[in-house]
Amino acid sequence: MSDLLLNDKRAWIEISYKNLENNIREIKRVISPNSDIMAIVKANAYGHGMIQISKMLNKIGINSFAVATLSEGIKLRENNIKGDILILGYTGIKDIEKVIEYDLTQTIVDFEYAEKISKLNIDTKLKAHIKINTGMNRIGESYKNIDNIIKMYRINNIQITGIYTHLCAAESKDEKDVEFTSEQISKYDECIQKIRKLGINPGKTHIQNSYGILNYPKCNYDYVRPGIIMYGAYCDDVCNITRAKVNIKPVLSLKAQITAIKDISKGESVSYDRTFLADRDIKIATVSIGYADGYPRNLSGKGAKVLVNGKLADIIGKICMDQLMIDVTDIPKIKQGDTVTLIGEEKEIAVEQIARKAETITNEIFSRLGDRLERIEV
Ligand SMILES: *Cc1c(COP(=O)(O)O)cnc(C)c1O
């Protein structure tokens with residue numbers, strides 16, 4: 001990838017096909033040989049660019065996707081993404097026909113929802129996966145209401161092609177959480193057994209999100225549902241020790257360019273609110289990225305670093321909406337148009353570090369990366 005092309009951009013994301021391919025290979029290495037990958041590409045593929053990532057995944061041989069919303073599913077179809085697409089969230093009853101029109105699969109969020117759909121006058125059956133609530137208490141019919149779950153298989157205008165649940169503490173090593181997760185898995189298994197006993201084919205089964213894969217690798221269901229680890233990140237810098245070991249690599253780098261360089265004298269301040277005061281003469285550079293692009297404002301004054309010309313530089317002063325400033329005193333040969341890396345493979349600018357300093361998880365850092373950023377395949 002030529003720098004000439006990239007330097008014309010204000011701020012951008014580079015996505016690595018090679019690293020995505022590596023992560024898929026690593027996930028396949030640890031899951032049951034009977035399981036396929038359902039790639040989670042919701043929230044613009046965790047900020048990576050949903051269309052680019054899904055096209056890459058199609059090329060890698062992935063043919064099952066999950067999104068959060070109907071409009072995300074439609075966008076995938078409009079861009080010719082091949083395979084099954086499951087909507088993980090609620091779709092309003094009025095829009096169910098669109099789910100069918102775009103050949104998407106809807107999550108049945110509970111029995112009440114299934115009953116509402118059953119009253120619709122639709123020509124083609126709605127493809128759907130039943131969600132079972134085994135303890136997360138977000139969406140899903142309770143595992144206790146097995147009669148209602150069975151009834152869903154008998155609704156005329158719904159074709160149940162799968163059934164799943166979601167783990168809510170799979171990343172935890174805490175004994176109580178491990179026990180809770182094992183119970184979630186057994187509650188799900190019991191439902192599936194009861195369905196099979198009645199001679200009903202439950203459809204595709206799936207439970208494991210990223211940490212379900214990493215900490216409960218012995219599970220053996222039709223699909224696994226990796227999100228964050230497919231993008232080559234752990235959810236934070238603590239949850240990187242897992243039962244199954246994978247050598248994942250970050251798919252995304254966040255970059256921007258230097259737009260101005262200036263000398264600042266001891267005692268001068270930089271940026272809003274004058275929180276940064278130079279305690280010596282320094283050289284600073286302005287970088288064309290800000291919190292409106294998803295680089296968190298609360299990293300201001302937290303010692304966050306960026307990489308420029310192979311060296312680390314400190315972010316100084318308050319991060320602005322579209323720009324931020326860095327201390328480049330010790331960086332030789334710096335010039336307007338130079339590229340700055342804000343998130344990347346290097347340890348100090350790894351997304352896990354950014355997330356820790358911003359007091360959140362990597363999933364949030366990624367998914368808030370904005371539309372102004374161009375996504376470029378490298
Ligand atoms: C977002 C999501 C996932 C992926 O979660 P990760 O922890 O990022 O792997 C899997 N399943 C469901 C239902 C989700 O909502």
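Given the options 167, 198, 126, name the one that is modelled with pLDDT of 95 or more and within 10 Å of the ligand (Cβ to nearest atom).
Exactly one of 167, 198, 126 is modelled with pLDDT of 95 or more and within 10 Å of the ligand (Cβ to nearest atom), namely 167.
Go through (1) over 30 Å from residue 227 (Cβ atoms); (2) of a type in the set (A, V, I, L, M); (3) in contact (Cβ under 8 Å) with a residue 24 or more places away in the chain one by one and return the number of the condition residue 278 breaks.
(3)
Do you know which residues across segment 52-107 are within 16 Å of the ligand (Cβ to nearest atom), aliphatic (A, V, I, L, M) and not in a strand (DSSP E or B)?
If the condition is that a residue be within 16 Å of the ligand (Cβ to nearest atom), aliphatic (A, V, I, L, M) and not in a strand (DSSP E or B), then 53, 57, 62, 68, 70, 76, 88, 104 are the ones that fit.
Conditions (1) surrounded by 15 or more Cβ atoms within 10 Å (Cβ to Cβ); (2) of a type in the set (S, T, N, Q); (3) out of contact with any Phe, Trp or Tyr (no Cβ under 7 Å at 6 or more places or on another chain), marked per residue:
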{"position": "96", "(1), (2), (3)": "yes, no, yes"}
{"position": "103", "(1), (2), (3)": "no, no, yes"}
{"position": "113", "(1), (2), (3)": "yes, no, yes"}
{"position": "117", "(1), (2), (3)": "yes, no, yes"}
{"position": "120", "(1), (2), (3)": "no, no, yes"}
{"position": "128", "(1), (2), (3)": "yes, no, yes"}
{"position": "132", "(1), (2), (3)": "yes, no, no"}
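Restricting to segment 134-168, what's the tally of residues that are buried (at least 19 other Cβ atoms within 10 Å of the Cβ) and not in a loop (DSSP other than H, G, I, E, B)?
Count: 8.
Is it the case that residue 116 is more than 27 Å from residue 24 (Cα to Cα), away from the ligand (no atom under 16 Å from the Cβ) and part of a helix (DSSP H, G or I)?
Taking the combined requirement at face value, the residue satisfies it.
If we keep just the residues of segment 360-378 that are of a type in the set (A, V, I, L, M) and surrounded by 19 or more Cβ atoms within 10 Å (Cβ to Cβ), which is nearest to residue 256 (Cα to Cα)?
373
Would you call residue 104 closer than 22 Å to residue 233 by Cβ and of a type outside the set (D, E, K, R)?
Spelling it out, it is not the case that residue 104 is closer than 22 Å to residue 233 by Cβ and of a type outside the set (D, E, K, R).
Report the residue count in segment 90-101 for those that are in contact (Cβ under 8 Å) with a residue 12 or more places away in the chain and farther than 14 Å from residue 122 by Cα.
Residues in segment 90-101 being in contact (Cβ under 8 Å) with a residue 12 or more places away in the chain and farther than 14 Å from residue 122 by Cα: 2 in total.
Restricting to strands (runs of 3 or more DSSP E) lying wholly in segment 204-304: which have 1 or more residues that are buried (at least 23 other Cβ atoms within 10 Å of the Cβ) and more than 16 Å from the ligand (Cβ to nearest atom)?
Once the strands (runs of 3 or more DSSP E) in segment 204-304 are filtered for at least 1 residues that are buried (at least 23 other Cβ atoms within 10 Å of the Cβ) and more than 16 Å from the ligand (Cβ to nearest atom), what remains is 252-264, 282-287.
Please go through segment 191-212 and pick out each residue that is more than 20 Å from residue 364 (Cβ to Cβ) and either in contact (Cβ under 8 Å) with a residue 60 or more places away in the chain or not hydrophobic (A, V, I, L, M, F, W, C) (or both).
Passing the criteria: 193, 194, 196, 197, 199, 201, 202, 203, 204, 205, 206, 208.
If the requirement is being crowded, with 23+ Cβ neighbours inside 10 Å and of a type in the set (Ser, Thr, Tyr), which of these qualifies: 54, 71, 32?
54
Looking at 23, 34, 44, 19, which one is closer than 30 Å to residue 117 by Cβ and not small (Gly, Ala, Ser)?
Answer to the selection: 44.
What is the residue count in segment 184-196 for residues that are within 26 Å of the chain's Cα centre (by Cα) and open to solvent by 50 Å² or more (accessible area, probe 1.4 Å)?
0
With the requirement that a residue be open to solvent by 10 Å² or more (accessible area, probe 1.4 Å) and in a helix (DSSP H, G or I), what does segment 35-51 give you?
Correct list: 42, 43, 44, 46, 51.
The values are calculated or read from the model by the stated rules, or taken from the named source; none is laboratory data. What you are looking at is a predicted structure, and each value in this text was computed from that prediction instead of being measured. Ideal geometry is used to build each Cβ from the backbone, glycine not excepted, and the neighbour counts take in all protein chains shown. Ligands, DNA and RNA are excluded from the accessible area calculation, which covers all protein heavy atoms including side chains. Shrake-Rupley method; radii C 1.70, N 1.55, O 1.52, S 1.80 Å.
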